[in-house]
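Beneath this line is the structure, given in structure tokens, with notes to follow.
Taken together, the values in this text are just the output of simple stated rules run on the coordinates, not laboratory data. What you see is a predicted model, and the numbers here were worked out from it, not measured in a lab. As a convention, Cβ positions derive from the backbone with ideal geometry for all residues, glycine included, and neighbour counts pool all protein chains shown.
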Amino acid sequence: ASADDWTKRSIYQVVTDRFALGNGSSPSCDTSQKKYCGGNWQGIISHLDYIQDMGFDAIWISPVVENVQGTTSEGEAYHGYWPQNINSLNTNFGSADDLKSLSSALHDKGMYLMVDVVVNHVVANPTNTSSVWPETFDYSLLQPFGGSNSFHTQCFISDYNNQTDVEQCWLGDSGLPLLDLDTENSTVVDTMYSWIKNLVSEYSVDGLRVDTAKHIRQDFWPDFASNAGVYTVGEILIGNVTYAAPYTKGLDSVLDYPTYYAVYDAFTNGTSGNMSAITDLVTQAQDQYNHGTFYVGSFVENQDNPRIQSTVTDQSIVKNVMTWPFINDGIPILYYGQEQGYQGGNDPANREALWLSGFNTDNKPLVTHVKTLNAARKQAISYNSSFLTTKASFISQSSTSALAVSKPPFLTLLTNGGSSSSASWSIPSSAGLYSGSETLVDVLTCDTVTTGSDGSLSVSASGGLPKVLMPAEALSKSGSLCSSQ
Ligand code: ABC
Ligand code: CA
């Protein structure tokens, strides 16, 4: 599927080992142990309804290839980011048939499969665990890269401001080095290009999340993407738009990290959170990224960062933050477990087993919230044929805790004030959004507001909840959303 196909979708991100077991069991899972807990591809197949019922029509799964075996100084490779043999699958997650079954089960439901792929490094067991720098490795298990000449000379990244260091030195440390592939070596490069082509076709993959993309030279990516032939979204872990921007040329786009940091900071620091930083970052990204922000992956949680509720548990704030990915330009991504209110902090605490929630959706306000947001986005796409190609814009507010985002037919009003606060937003007639006396529906509550005779709008509310307003007319034929409108 192409980037344009993906823009209509919303993605549920799964850590395969932590989502579900195919046999339906619910073993305990202590995240601090950094061990496999038993989740697998069959488990995902069994719970696709859980994902689809929330309105998601794509999933992103952990890297699928065989990883280093046994225990390392950082635990087991349950997350999948330590490839050892890229031509085999990780049998902890299942067989080739299981992965094909997952792919076809998704396609039968009209859903897409995004696979996470690691090209930057592989991980080998040291030949002598007590050896000190420089280490030697058992290269024989590293397939198909069985020799030191496939790797950059060992050095650990020490200066993130030195791009050569970032690309050619190694991630990890002497306890667990991530062997950095020599992606300047044409044999390595060709191997990776044909590997990705084969992986995509063998398992009918619809899109790729490209790990550690900033750790490989930019001009490696265009041919990688064309061999993949599907949507590619790169992980450029950085708070800086200008740094990330060039990668949106070689790959379809990037995970929108700069905006993520702005959103996280704005909503987890009470009313001193800086809401205008969101406006600044999004505007920069719209200006600097290839295709603007239309193809970015928009997220507020993932496997590398503390969950929102590890910092802030006020449910109004949580709902404001969770609204963000669904009402702005990019492709929304929800990290599994956020809908269940999970609160894990930094890696590895943020990788809780979802089965411990029992996949319960009754009396789960955040599940309802996500479901409504997905339905609203689908309704916006079908009501306004330009929705996906109209940039989000910001209407400046006098209160520093208020944010107003317009992406017709959405007008989203956010606040970082929390549940004991009251907030107000005003939209002047000069914004040109509405005509006089128009009825707008907050799809999160189904309450209505009416514009003034000049098309201006003032809204005040207590309780600090977000509002996603749509013209009543945009909902009239929606069926499910606020159906009495
Ligand atoms: C393990 C342990 C951790 C321990 C770590 C050293 O080792 O579990 O507790 O802290 C996988 C596993 C991890 C594992 C690592 C290392 O491997 O999932 O559990 O950590 O063995 C991707 C994946 C990630 C994966 C890998 C490795 C890569 O999403 O899940 O990790 O395949 C860098 C990389 C980035 C990578 C991330 C983990 O590390 O660039 O691709 N993620 C700065 C740097 C970033 C750097 C980041 C974190 O620090 O610029 O490049 O990411 O080290 C912003 C700044 C940024 C700054 C951030 C923190 O703040 O603008 O520059 O990022 O404001
Ligand atoms: Ca590298």
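Key figures
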quantity: Test result for Val263, within 14 Å of ligand 1 (Cβ to nearest atom) and under 26 Å from Gly207 (Cβ atoms); calculated: yes
quantity: Long-range neighbours under 7 Å by Cβ, at least six apart or interchain, first residue free of Cβ contacts under 8 Å to residues at least 40 places away in the same chain and under 18 Å from Gly345 (Cβ atoms) within region 261-274, second surrounded by fewer than 18 Cβ atoms within 10 Å (Cβ to Cβ) and among the polar types (S, T, N, Q); calculated: Asp265/Asn274
quantity: Index of the failed condition, Tyr36 passing every other in (1) surrounded by 17 or more Cβ atoms within 10 Å (Cβ to Cβ); (2) under 26 Å from Val370 (Cβ atoms); calculated: (2)
quantity: Conditions (1) in contact (Cβ under 8 Å) with a residue 40 or more places away in the chain; (2) crowded, with 23+ Cβ neighbours inside 10 Å; (3) within 29 Å of Ser103 (Cα to Cα); number of the one not met by Asp211; calculated: (2)
quantity: Flag if Tyr247 is of a type outside the set (Val, Ile, Thr) and within 16 Å of ligand 2 (Cβ to nearest atom); calculated: yes
quantity: Matching residues in region 36-69 - criterion: being part of a loop (DSSP other than H, G, I, E, B) and of a type in the set (A, V, I, L, M); calculated: Met54, Val64, Val68
quantity: The listed residue being within 16 Å of ligand 2 (Cβ to nearest atom) and crowded, with 23+ Cβ neighbours inside 10 Å, out of Phe220, Phe224; calculated: Phe224
quantity: Candidate set: region 172-189, residues that are near ligand 1 (Cβ under 9 Å from one of its atoms) and surrounded by fewer than 18 Cβ atoms within 10 Å (Cβ to Cβ); chosen: the one farthest from His152 (Cα to Cα); calculated: Gly175
quantity: Number of the condition not met by Asp108 [criteria: (1) touching a residue at least 40 places away in the same chain (Cβ under 8 Å); (2) more than 16 Å from ligand 2 (Cβ to nearest atom)]; calculated: (1)
quantity: Extreme residue, farthest from ligand 2 (Cβ to nearest atom), among residues of region 145-171 that are within 30 Å of the chain's Cα centre (by Cα) and without any contact (Cβ under 8 Å) to a residue 12 or more places away in the chain; calculated: Asn161
quantity: Residue within region 390-402 that is within 22 Å of Ala58 (Cα to Cα), surrounded by fewer than 18 Cβ atoms within 10 Å (Cβ to Cβ) and not polar (S, T, N, Q) present; calculated: no
